[in-house]
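The values are calculated or read from the model by the stated rules, or taken from the named source; none is laboratory data. All values reported here derive from a predicted model rather than from experimental measurement. Cβ placement follows ideal geometry from the backbone for every residue including glycine, while neighbour counts extend to all protein chains displayed. Accessible surface is based on the protein model in full, side chains and every heavy atom, while ligands, DNA and RNA are left aside. Shrake-Rupley method; radii C 1.70, N 1.55, O 1.52, S 1.80 Å.
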Amino acid sequence: MPALLAPSYAESGLWQAQVPPPPPTGGEPPASVDVVVVGAGLCGLAAADTLATAGRSVVVFDREPLGWGASSRNGGMVIPELKSGPAGLERHYGELGTRLYAEANEAFDFVEATIAGDDGRAGIDCDYVRSGQLYLAHSPSHTDELRHQAAEHAALGEAVRFVEAGDLGAEIGSEAFHGGVVFDRTGGLHPARLHAGLATRAMNAGARVIDRTGVTGLSRRAGRHRVTTTRGSVEAADVILATNAYADAATPVLRRKVVPVGSYIIATEVLPEDLARSVSPTGRMMVDTKNFLFYWRLTPDRRLAFGGRRSLDPVDVSEARDFLYDSMLRVHPQLAGTAVEHAWGGNVALTLDRLPHVGRLDGAWYATGCNGSGVAMNTWLGHRLSQVLTGEAPPPALAELKHRNVPLSSWRHAYLPLVSRWFDFQDHR
Ligand SMILES: Cc1cc2nc3c(=O)[nH]c(=O)nc-3n(C[C@H](O)[C@H](O)[C@H](O)COP(=O)(O)OP(=O)(O)OC[C@H]3O[C@@H](n4cnc5c(N)ncnc54)[C@H](O)[C@@H]3O)c2cc1C
C-alpha cells in the first residue's frame, strides 16, 4: 500500500533534521599523531574521547559530513544484547560465552553512565529514558521460545518477565502478537543528540575531528602507521578502524568480513497524546521475533518510528517506506490516516556468526559487525579499544572469537536474494 505522506514529507532522517551535528574541528590533517581513528560514528568518537582524555593526540577522519553514518540514523534503542541469550552463548562458547554476555551488559552500563555523566564529566542530553523493551512473538510457534527466554534471564536475577497474549493490552495497542517478553534493561534515546553529544565531548577533550576526508590507504613502516587520506598523509603510532557497515576500499580485508545490509525507518507526524498512548501505553522499545524483524517506538516528540526491512537486497527508500507503512498499519490499525513525515535508511554490518568482532589487521585495531544493534556495543567497543591502546585494559573477550571472512563476498548480490527468500519462508511459518 502506498504510504500516506505529509505535505512536509522528506526522504531523510528525522533525527538529523532535528539535531545537526556540532561543527567538526576541520583544518588540515596533522603530520603526525598518537592515534588515527577512521570513522566518526559512535565507535570512533567514543574511541577518540577516551584517548584524548588519557592525553593522547588523536585525529578522527570521516569520509562523509559529520553525522552521516548509522550512528545518527538508527532507532535509538539501547539494548544489552548479543544475538543469543546467556545460555545460548555459554552452550556455544563455554566460559567465553559467559564473558561475552557480560560485555554486552558492560556496554549498556557504559552508555548509560556516559549519558548520565557518572564519570564526573558533563553528561549527554539525548532524551534518554530507561523505557524497557517489549520483545513480541509474531507467530504462535515463537511463544514457548520467548517464555523460555524470559525464564532463562529471570534465573540470572534479571528484571525480565513473560507477558501472556491476553495481558499484552497493557503493553501495546495491537492484536498482532502471541505473547511477549519485557526486558527492563533497555532504553530509548535520540540518536543524533547522542552522536552530537559524543562528538562535542571528544572535541572538548582535545580530539580533532576532520570530516569530508576519506582514508584511502594504510601502510606500516618501522613500526609506525602511515595513513593516506584524500587530503594528505598522517603518521601514527596506532590506528582504530571504526567503519562498521561502511568499510570501503581503504580496508579491503575488513570489507570482506561483514555484509552491509540496509535497514529502513519511517517516522509519522506527531501523534495526538491519546493515539500515542493507545499504540504504546508504556513507551517501550518494541521488536518482534521475525528474521526480518520490525522495531518500533514512540519518539521523544511523540511520533511513531517504525523500522525494518523486507529482504537483504538493497531497495529504494520509497519502496521500503511503502512496505513499512503497510506493515505498521497491520500492527497498529488505529494509525490509519496518520501521515509519514520522514523515511530513511542506513546500513548495518552483518557477520557470519551474527556477533560483533574486534581484532587487528596489520597492526590496526578494528571493531565492526553490529548486526543491527550497536548503539551500546559499538560505543563501548570504541572506548574499550582505546583502553587497550593506553594499557588500561586487556582486549575484550570479543577479540577471542574467530572472525571469518564472508564467503564469496563479492558475489553476495547473487546469493543474498536466495537467503532472503529462506528467511522470509521461515518468518511465514
Ligand atoms: C536504520 C538503522 C537502525 C538501527 N537501529 C538501531 C537501534 O535501534 N539500536 C542499536 O543498538 N543499533 C541500531 N542500529 C545500528 C547502529 O546504528 C550501529 O551499530 C552504530 O551506529 C554503528 O556505529 P559505528 O560508529 O560503528 O558506525 P557508523 O556510525 O556507521 O560510522 C562509520 C563511519 O565510518 C566512515 N567511514 C567508512 N570508511 C571510511 C574511510 N575510508 N575513511 C573515513 N571514514 C570512513 C563512514 O562515513 C561512517 O560515518 C541501526 C542501524 C541502522 C542503519
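Just a yes or no: is a residue in the range 387-394 within 18 Å of Tyr246 (Cα to Cα), open to solvent by less than 40 Å² (accessible area, probe 1.4 Å) and not hydroxyl-bearing (Ser, Thr, Tyr)? Don't jump to the end; show me each part of the working.
From the range 387-394, those within 18 Å of Tyr246 (Cα to Cα) are none; that's our starting set.
Checking the range 387-394: not a single residue is within 18 Å of Tyr246 (Cα to Cα), open to solvent by less than 40 Å² (accessible area, probe 1.4 Å) and not hydroxyl-bearing (Ser, Thr, Tyr).
Pull up the range 118-172, narrow it to residues that are among the basic types (Lys, Arg) and not in a helix (DSSP H, G or I), then point me to the one that is surrounded by the fewest Cβ atoms within 10 Å (Cβ to Cβ).
Filtering the range 118-172 down to residues among the basic types (Lys, Arg) leaves 121, 130, 147, 161.
Still in the running and not in a helix (DSSP H, G or I): 121, 130, 161.
Numbers: Arg121: 13, Arg130: 11, Arg161: 14.
Per the criteria, the residue is Arg130.
Of the conditions (1) modelled with pLDDT under 75; (2) surrounded by 13 or more Cβ atoms within 10 Å (Cβ to Cβ), Ser373 fails just one. Which one is it?
Failed condition: (1).
Among the numbered criteria (1) among the aliphatic types (A, V, I, L, M); (2) open to solvent by 10 Å² or more (accessible area, probe 1.4 Å); (3) touching a strand residue (DSSP E or B) at 6+ places or on another chain (Cβ under 8 Å); (4) more than 9 Å from the ligand (Cβ to nearest atom), which single criterion is violated by Ile240?
It is condition (2) that Ile240 fails.
Does the range 342-351 contain any residue that is within 16 Å of the ligand (Cβ to nearest atom) and either part of a helix (DSSP H, G or I) or among the hydroxyl-bearing types (Ser, Thr, Tyr) (or both)? Give the steps one after another, and end with the answer.
Initially, the range 342-351 is screened for residues within 16 Å of the ligand (Cβ to nearest atom), giving 342-351.
Then keep just the ones that are either part of a helix (DSSP H, G or I) or among the hydroxyl-bearing types (Ser, Thr, Tyr) (or both); that gives 351.
Yes, the range 342-351 has at least one match.
Out of all the residues in the range 53-61, is one or more under 26 Å from Asn105 (Cα atoms), within 16 Å of the chain's Cα centre (by Cα) and at pLDDT 95 or above?
Initially, the range 53-61 is screened for residues under 26 Å from Asn105 (Cα atoms), giving 53-54.
Applying the additional criterion that residues be within 16 Å of the chain's Cα centre (by Cα) yields none.
No, there is no match, as no residue in the range 53-61 is under 26 Å from Asn105 (Cα atoms), within 16 Å of the chain's Cα centre (by Cα) and at pLDDT 95 or above.
Please enumerate the residues belonging to the range 50-74 that are near the ligand (Cβ under 6 Å from one of its atoms) and crowded, with 24+ Cβ neighbours inside 10 Å. Spell out the reasoning first.
Filtering the range 50-74 for residues near the ligand (Cβ under 6 Å from one of its atoms) gives 61-64, 68-71, 73-74.
Phe61, Asp62, Gly69, Ala70, Ser71, Arg73, Asn74, listed by residue number.
Conditions (1) modelled with pLDDT of 95 or more; (2) open to solvent by 40 Å² or more (accessible area, probe 1.4 Å); (3) within 16 Å of the ligand (Cβ to nearest atom), marked per residue:
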position: Ser174; (1), (2), (3): yes, no, no
position: Thr186; (1), (2), (3): yes, no, yes
position: Ala205; (1), (2), (3): yes, no, no
position: Glu235; (1), (2), (3): yes, yes, no
position: Ala250; (1), (2), (3): yes, no, yes
position: Ala267; (1), (2), (3): yes, no, yes
position: Pro281; (1), (2), (3): yes, yes, no
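For the structure I just gave you, tell me whether Glu341 is within 30 Å of Ser12 (Cβ to Cβ), surrounded by fewer than 24 Cβ atoms within 10 Å (Cβ to Cβ) and either touching an Asp or Glu at 6+ places or on another chain (Cβ under 6 Å) or of a type in the set (Asp, Glu) (or both).
It is true that Glu341 is within 30 Å of Ser12 (Cβ to Cβ), surrounded by fewer than 24 Cβ atoms within 10 Å (Cβ to Cβ) and either touching an Asp or Glu at 6+ places or on another chain (Cβ under 6 Å) or of a type in the set (Asp, Glu) (or both).
Taking the range 176-223 only, how many residues are more than 24 Å from Asn105 (Cβ to Cβ), of a type in the set (D, E, K, R) and touching a residue at least 12 places away in the same chain (Cβ under 8 Å)?
4
So, in the range 50-68, how many residues would count as being part of a helix (DSSP H, G or I) and either aliphatic (A, V, I, L, M) or under 16 Å from Ala237 (Cβ atoms) (or both)?
So in the range 50-68, the residues part of a helix (DSSP H, G or I) come out as 50-53.
This time we only want the ones that are either aliphatic (A, V, I, L, M) or under 16 Å from Ala237 (Cβ atoms) (or both), so: 50-52.
Result for the range 50-68: 3.
All but one of (1) under 16 Å from Val36 (Cβ atoms); (2) touching a Pro at 6+ places or on another chain (Cβ under 9 Å); (3) assigned to a strand (DSSP E or B) hold for Thr213; which doesn't?
(3)
Suppose we filter the range 1-49 for residues that are part of a helix (DSSP H, G or I) and open to solvent by 20 Å² or more (accessible area, probe 1.4 Å); how many remain?
Just the residues of the range 1-49 that are part of a helix (DSSP H, G or I), to begin with: 14-18, 42-49.
Restricting the remaining residues to those that are open to solvent by 20 Å² or more (accessible area, probe 1.4 Å) gives 16-18.
The qualifying residues number 3.
Which of the residues spanning the range 254-292 are out of contact with any Asp or Glu (no Cβ under 9 Å at 6 or more places or on another chain), part of a loop (DSSP other than H, G, I, E, B) and within 24 Å of His357 (Cα to Cα)?
Arg256, Lys257, Val258, listed by residue number.
If only one of Gly262, Gly217 is more than 16 Å from Gly75 (Cα to Cα) and either within 12 Å of the ligand (Cβ to nearest atom) or crowded, with 23+ Cβ neighbours inside 10 Å (or both), which one is it? Show your work before the answer.
Working: Gly262 fails: more than 16 Å from Gly75 (Cα to Cα).
Sole residue among the options that is more than 16 Å from Gly75 (Cα to Cα) and either within 12 Å of the ligand (Cβ to nearest atom) or crowded, with 23+ Cβ neighbours inside 10 Å (or both): Gly217.
Pairs needed: first member in the range 75-96, in a loop (DSSP other than H, G, I, E, B) and basic (Lys, Arg); second member anywhere, at pLDDT below 95 and open to solvent by 30 Å² or more (accessible area, probe 1.4 Å); C-beta distance under 6 Å; at least 6 residues apart or different chains.
Between residues of the range 75-96 that are in a loop (DSSP other than H, G, I, E, B) and basic (Lys, Arg) and residues that are at pLDDT below 95 and open to solvent by 30 Å² or more (accessible area, probe 1.4 Å), the close pairs are Lys83/Arg354.
Among the residues of the range 349-363, count how many are under 14 Å from the mean Cα position of the chain (by Cα) and on the phi > 0 side of the Ramachandran plot.
Looking only at that region, the number is 1.
For Glu319, are the conditions met, namely being modelled with pLDDT of 95 or more and either part of a helix (DSSP H, G or I) or within 11 Å of the ligand (Cβ to nearest atom) (or both)?
Values: modelled with pLDDT of 95 or more: yes; either part of a helix (DSSP H, G or I) or within 11 Å of the ligand (Cβ to nearest atom) (or both): yes.
Answer is yes for this residue.
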